[in-house]
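To start, the structure under review is shown below, and the notes come after it.
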């Protein structure tokens with residue numbers, strides 16, 4: 001019997017890298033910077049998920065979908081993420097949907 005498989009989908013997205021001038025940037029400030037940039041790019045942008053590398057935590061933090069990617073990436077991709085804001089070289093990642 002033949003098995004049919006779909007090729008994995010790659011979700012196209014825009015990646016924007018932001019660099020703060022703050023040595024000890026906290027999550028709230030990083031989120032504010034990312035939101036400001038996302039809304040500058042698209043006034044209707046909506047944050048879907050995030051990852052805080054400094055604390056090694058993200059949202060959502062429950063397993064969903066494939067275990068080959070972290071849950072915040074799977075969650076965002078499955079909801080159409082098309083914008084990622086990277087603050088301070090991966091210290092904070094914010095996943096957005098540009099409407």
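No lab work stands behind these numbers, since they all come straight from the coordinates. Note that the structure is predicted; figures quoted are calculated from it, not measured. Cβ placement follows ideal geometry from the backbone for every residue including glycine, while neighbour counts extend to all protein chains displayed.
Annotations
- Residue among 60, 71 that is under 12 Å from the mean Cα position of the chain (by Cα) and either under 22 Å from residue 19 (Cβ atoms) or crowded, with 19+ Cβ neighbours inside 10 Å (or both): 71
- Within the stretch 78-95, the set of residues being touching a residue at least 60 places away in the same chain (Cβ under 8 Å), farther than 12 Å from residue 51 by Cβ and surrounded by fewer than 20 Cβ atoms within 10 Å (Cβ to Cβ) comprises 80, 82, 88, 89.
- Among the residues of the stretch 46-63, those that are touching a strand residue (DSSP E or B) at 6+ places or on another chain (Cβ under 8 Å) and within 20 Å of residue 74 (Cβ to Cβ) comprise 46, 47, 48, 49, 50, 51, 52, 53, 57, 58, 59, 60.
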